[in-house]
Amino acid sequence: MMMEWTLASLLGIAVLLIILSFFRKERNSKYEQQIENMSISFMQEIYQLKNQIRTLELDAEIIAQHTPLATRSETQLQIMRDVLDLHKRGYSSEGIASETGLTSMEVDRVLSPFLDRPEEGKKVMTHG
């Protein structure tokens, strides 16, 4: 008789634990969903910050080339950013032209202050 009560109580405890585990999973899934939503939100913010940093870097390079930003419209500045960004990513003038809708000559004109000129600043002095 004692053994039957022990088995019955163990069976009751097992059923109770199974029921509790279902509630626990439901609660955990809510937390997992909240964490996933926060993670997505953080990733979006990081993406936006990276874009803003990239824009600031491009603007700094444009300013460093003594291009007067104050006289440029926001559209012209955005075109300069796009052209410079694509150039830094390795696009050719033709590729940049097809991406931006400009002609190759316009792309070359926009890039001309930013292109490295090997003959500039590399004068070799010979002592003879």
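Residue pairs whose Cβ atoms lie under 6 Å apart, sitting 6 or more positions apart in sequence or on different chains, and linking a residue in the range 21-43 that is on the phi > 0 side of the Ramachandran plot and among the aromatic types (Phe, Trp, Tyr) to a partner that is surrounded by 10 or more Cβ atoms within 10 Å (Cβ to Cβ) and at pLDDT below 80, do not occur here. Do we find that Met43 is out of contact with any strand residue (DSSP E or B) (no Cβ under 9 Å at 6 or more places or on another chain) and either at pLDDT below 85 or among the acidic types (Asp, Glu) (or both) in this structure? No: the conditions fail for Met43. A count restricted to the range 95-113 and to residues that are touching a residue at least 12 places away in the same chain (Cβ under 8 Å) and of a type in the set (D, E, K, R) stands at 2. A search for C-beta distances below 8 Å between a residue of the range 82-93 that is hydroxyl-bearing (Ser, Thr, Tyr) and any residue that is crowded, with 16+ Cβ neighbours inside 10 Å, counting only pairs 6+ apart in sequence or on different chains, returns Ser93/Val107; Ser93/Leu111.
Exactly one residue out of Thr75, Thr67 is at pLDDT below 85, hydroxyl-bearing (Ser, Thr, Tyr) and assigned to a loop (DSSP other than H, G, I, E, B): that is Thr67.
Taking the listed residues Ala14, Ala8, Ala60, the one that is within 28 Å of the chain's Cα centre (by Cα) and either assigned to a helix (DSSP H, G or I) or at pLDDT below 80 (or both) is Ala60, with no other qualifying.
The values are calculated or read from the model by the stated rules, or taken from the named source; none is laboratory data. What you see is a predicted model, and the numbers here were worked out from it, not measured in a lab. A quick note on method: Cβ atoms are made from the backbone with ideal geometry, for glycine too, and the neighbour counts reach across all protein chains shown.
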